[in-house]
Amino acid sequence: MKSKTSLPASYRLAVTSRVLAAVVGGYLMASLASICLALWMPVSRADAVITGMMSSFVLYLLAVLWCFACRTAWRAWCGVLLPSAAFATLAGLGLWMART
Amino acid sequence: MKEGFRQAMAWLHTWAGLIFGWLLFAIFLTGTLAYFKDEITHWMQPEVQAHPLDDARSLSVAQDYLQKAAPTAARWFITLPDSRDPGLSVMWQDKVDPGKRGNFIQKTLDPVSGQAVEARESMGGEFFYRFHFQLQMPYPWGRWLSTIAAMVMFVALITGIITHKKIFKDFFTFRPRKGQRSWLDGHNAVGVLVLPFHLMITYSSLVIFMSMVMPAPIVASYGNDTRAFFNDVFPATNNAPALGQPGQLLSLLPMYEQARAQWAGGHVGRLAVNNPSDVNASVNVFRASSDRVVHDFGSTVSFNGNTGELLRVSAEPSLPAAIGGSFYGLHMGHFAGPVLRWLYFICGLAGTAMIGTGLVIWLGKRQLKHAKSGVMPFELRLVEVLNIASMSGLLIAIAAFFWTNRLLPVGFAERSDWEVQAFFIAWGLSLLHAILRRGRQGWVEQLSFAALLFAAIPLLNALTTSQHLGASLATGDWAMAGFDLTCLASGLFLAWAAWKMRHRKAPQAKTERARPLQLKQEAN
Amino acid sequence: MLLALLMCYAGFTALCLSTDRHHGELLHSRPSPRRRIALRVIGWLLLTVSIWPAVAVAGWGLGLVEWCAVLMLSALLLVLLLPYRPRLALLLAGVGLLASPVAAFATF
């Protein structure tokens, strides 16, 4: 942290954006991915849910790392929202198939 | 790009570590103490006598007591004494209208006389255990906060590994007496060398509360019927309802023995009796969690309370359940014998030291830049105050907890609450002291005071009880003696730390400046 | 656990000596390439084989946990001893190796 010059507002905004992408977007992505695991794994219902929950934290970690490693804050959001959309589709498919 | 990646990870490690470091230090230190919570409770309630273990006698004593004290309760719980916890604990839940949760009443019995134990009221080691995941906050906020902290810890660990460029080259490197370099070497040493433990303890703490923080799969898979999920995972909670007709509960001892036979000699941890006065009473015998590493939540043998008929033996857990149980079991360490328990304790202290050294390094690096001007900007002063209060202040609070236990009168009704309040009052006063005193003075004074408090505990024990160090060593009461000796050793260590702090050279602005870490500037 | 501890500590010491920096600190010479390889092999071998006494006594579950604990603590002990008492650090490794057969005899 520079002590004499304060950081520009655009920098602070970008950091805030990355933090939100990591915390909120990452949680969303991890949740949707764990739902997919729970719906698609060929084991008993309870086992699939347990596996989904246990693995979710690794995915959350990867999302957080991505959000700060990528080049721009926009990329951070894309990096969590696009997989989230994919997981959401898979999950929706799984729910629809379970119903029929 | 590689350089940018590492730099970004270093930035994340530094900031995540700072913001949650103070909380994580407290969680780690109290959690580490919790590994010896039974021994701490024993020191804090010296009136509870340990007897040679006799499960049959304990069981009949407990059943008689509950039959007299709570014949119409909804549920009874009996926790048998073991080698670390000499108390025979009985608990019952009042019967109330369906849908409402009855009160739980707990009593500790003497397993020989069958009477409720007359010991001074105290939370004992349970206080540290509960604090480290509930943080003295109302349910469920404390658990949420501690689990969030665990996730940040996980991020900090992984980013730390990524950032540490020479993790193999510097594996054995520790260079003392070299200022900031030594602090960083120390941080790396307790981090890398004990890494398996840190990763295990952090990830397992996430798994322990995963149903609370990551409920999405449960809802997606079970819909509204989340109860069904918990029944699937913990079948022992699915008990036959009361029929409303009075029944006669058989002696629990044959059921105890049948359960042990099912487990090929495994130990019984506790028993739960549902609707004991009903004809449909059911008895669940739970296996002792100290039997195996993998904590098996479902390991129960269930009986009908009136006929003694064996209803159900829980099956071996599936692989996912066993993995979850492994995380739980490894975190709790119930299976650990005395040597392994000490190793757990040392690993926990290493984790605490890792966090503490990190906080000190964060400030130290930035203090160098302001060493010449002599004036510390507000943000750094804030970090300094929080560092002192969260580390030496917490140590003072822990010591105050123990001192209060010995100083308050045994018969004083609210003494348990006051012990806890003393902890927080002492912590608060330490914060105040840290605000009022200049950095190094604050450290030296608080470390010295903590050293004094801890080192004097054996003396305090000798003056206030009959179980002083000489007596406990003579009778082989290792828990009591161990507590006194560990406090003494801690006092000596803190005194050494205070002395080192006092004679430390003032930080010099180095010629090689630590470059400020910053995320890549955004393009626009 | 004792045998595993002795072996882990000796193994880590061997690995430590196989590096130029620490070999120079402890034995005041540079290790020859052959010595370096030999120390590496011995070190890794000791660490790996130390799993066996841990598991043989306590079973796979508890044994692996004890082995991990002993592994971490022996490394910590070595690293803390090295800067303050380097000769003691080496001595402990030597004594540990000599005592291993005795510990093995006592365990089995």
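Taken together, the values in this text are just the output of simple stated rules run on the coordinates, not laboratory data. Just so it is clear, the structure is predicted and the values come from calculations on it, not from any experiment. Backbone-built Cβ (ideal geometry, glycine too); neighbour counts: all protein chains shown.
Overview of values
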read-out	value
The protein assembly as shown - convex hull of alpha carbons, volume per residue in Å³	196 Å³
Averaged over B:203-215, number of beta-carbon atoms from partner chains that fall within 10 Å	4
Cα gyration tensor, the range B:285-346 - rounded (a/c under 1.5), prolate or oblate	oblate
10 Å Cβ shell holding at most 13 others, DSSP loop, chymotrypsin sites (Phe, Trp or Tyr not before Pro): longest site-free stretch of chain B	B:169-411
Relative contact order (%) - chain A, alpha-carbon pairs under 8 angstrom, separation at least six	35 percent
Cα-projected label distance for B:ALA315 with A:SER10, points at 7 Å along beta-carbon direction, nm	6.2 nm
Loop GluC sites (Glu not before Pro), the range B:28-125 (other Cβ atoms within 10 Å of the site Cβ: 12 or fewer; DSSP)	B:GLU47, B:GLU118
Helix axis angle, B:2-34 relative to chain B longest principal axis, alpha carbon, degrees	50 degrees
Whole-number D in µm² s⁻¹ for chain A, Kirkwood Cα-pair radius fed into Stokes-Einstein, 25 °C, 0.890 mPa s	166 µm²/s
Trypsin sites (Lys or Arg not before Pro) restricted to the range B:36-102 and DSSP loop, no more than 10 other C-beta within 10 Å	B:LYS100, B:ARG101
Cα centroid separation - the range A:51-100 against the range B:295-323, whole Å	36 Å
With 5 Å bins from 0: P(r) over the range B:366-443, alpha-carbon pairs, percent	3, 16, 20, 16, 13, 10, 8, 6, 4, 2, 1, 0
Shielding of A:51-64 by partner chains, average beta-carbon count, 10 Å	6
Mean Cα-pair separation over length for chain B, i.e. relative contact order, pairs under 8 Å, 6 or more apart, %	17 percent
Crossing angle, helix B:180-192 versus chain B [Cα axis fit, 0-90 degrees, rounded to tens]	30 degrees
Cα coordinate range in chain B, projected on the principal axes (Å, largest first)	84, 61, 41
Sparse-neighbour loop sites [trypsin sites (Lys or Arg not before Pro); the range B:121-208; at most 16 other C-beta within 10 Å; DSSP]	B:LYS165, B:LYS166, B:LYS169, B:ARG177, B:LYS178
Helical mean residue ellipticity (222 nm; -39500 (n - 2.57) per DSSP H run of 4+; nearest 500) of the protein assembly as shown	-22000 deg cm²/dmol
Label-zone membership for the range C:32-55, site C:PHE105, 7 angstrom Cα→C-beta point, backbone N under 12 Å	none
Taking B:ILE323, B:ILE218 and counting other C-beta atoms within 10 Å, the order from fewest to most	B:ILE323, B:ILE218
Percent RCO, i.e. relative contact order, over the range B:233-362, from Cα pairs under 8 Å lying at least 6 residues apart	21 percent
